[in-house]
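See below for the structure under consideration.
Nothing in this text is a laboratory measurement; each read-out follows from the coordinates by a stated rule. Everything numeric here is computed off the predicted structure, so don't read it as measured data. All Cβ positions, glycine included, derive from the backbone under ideal geometry; neighbour counts span all protein chains shown.
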Amino acid sequence: MILRSIGYGLSLAVVVLLPAGAEPDRGEPTKVVDPGPPGGPPSDAIVLFDGKDLSRWRGRDGDARWKVEDGVLTIAPGTGDIVTRQGFGDCQLHLEWRIPAEVKGEGEGRGNSGLKFHEAYEIQILDSHQSRSNAMVQAGAVYKQHRPLVNACRKPGEWQSYDIVFRTPRFDAEKKLARSGTFTVFLNGVLIQDHAKILGRTNSTKPVPPEERQPLLLQDHGSPVSFRNVWIRELAPEDGA
Ligand code: MG
């Protein structure tokens, strides 16, 4: 009886000590999301490319001029990078990409493209199948900042998938970095970046605007790399920031 009273007292104390707004019971049902077919898109995703058109994208000076054919988007080399018309902050991105079956060139000349969050932080796209060259710039690298944990690349000509969680850098009122952003990346279902800390704009020291929502960029690096099934889910901030 005494022990039971102490126990009761302790649980009361726990309840009293919980800060205002805390939720001790996290067993309530969560929002339902239909995951869709394998590879998605899930029901709460914004589809950025569904195989039909580039209406959610634009070029640097007007409409995006890449080629859409048979449900596939292919870079028209020389027409420039394309960016989403909408800006995104914290997000989950799915994108499938294919290096041409016949790759020409060496090193970073082999089927180079890239995916830049906030037009600034690049996850490399490149033919890196069994590559022995510089891992800091191979497919799945946070460009020149973090090499991928492993090389899970398929052969040129085969479809590959990225599933990426991007946490945006956070800036204070003086526009100074308050918390670094991170990338978590799966290539073909294999973890290759695990909360990798973003060390600033990749490959440039130019400052990045502090806005939390900015466009996503696909890079024209002169190779006819293809894409399909591109979708994004907006995520709530981790800390309620
Ligand atoms: Mg690149």
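What the table below lists for this structure:
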item	result
Derived scalar couplings ³J(HN,Hα) [the range 37-49; Karplus, 6.51 cos²θ - 1.76 cosθ + 1.60; whole Hz; x for Gly, Pro]	x, x, x, x, x, x, 5, 9, 8, 9, 7, 8, 8
Crossing angle, helix 2-17 versus the chain [Cα axis fit, 0-90 degrees, rounded to tens]	50 degrees
Centre separation in Å (Cα based) which lies between the range 166-241 and the range 87-154	14 Å
Square roots of five times the Cα gyration tensor eigenvalues for the range 34-234, Å	24, 20, 17
Gaussian network model of the chain, Cα within-10 Å springs - most flexible of Pro77, Pro29, Pro38	Pro29
About the Cα centre, charge dipole magnitude for the range 34-234 (Lys/Arg +1, Asp/Glu -1 at Cβ), debye	540 debye
Whether the range 47-96 is rounded, prolate or oblate, judged on the alpha carbon gyration tensor where a/c under 1.5 counts as rounded	oblate
Farthest positive-ward along the chain dipole, Cα basis, beta-carbon charges - from Phe171, Ile82, Leu235	Phe171
Dimensions in Å of the range 138-241 - Rg and Dmax from alpha carbons	15.0, 47
Helix-only CD estimate at 222 nm, as mean residue ellipticity for the chain, using -39500 (n - 2.57) per DSSP H run (n ≥ 4)	-2000 deg cm²/dmol
Radius 11 Å from Cβ of Gly87, net charge of other residues (Lys, Arg +1; Asp, Glu -1)	-2
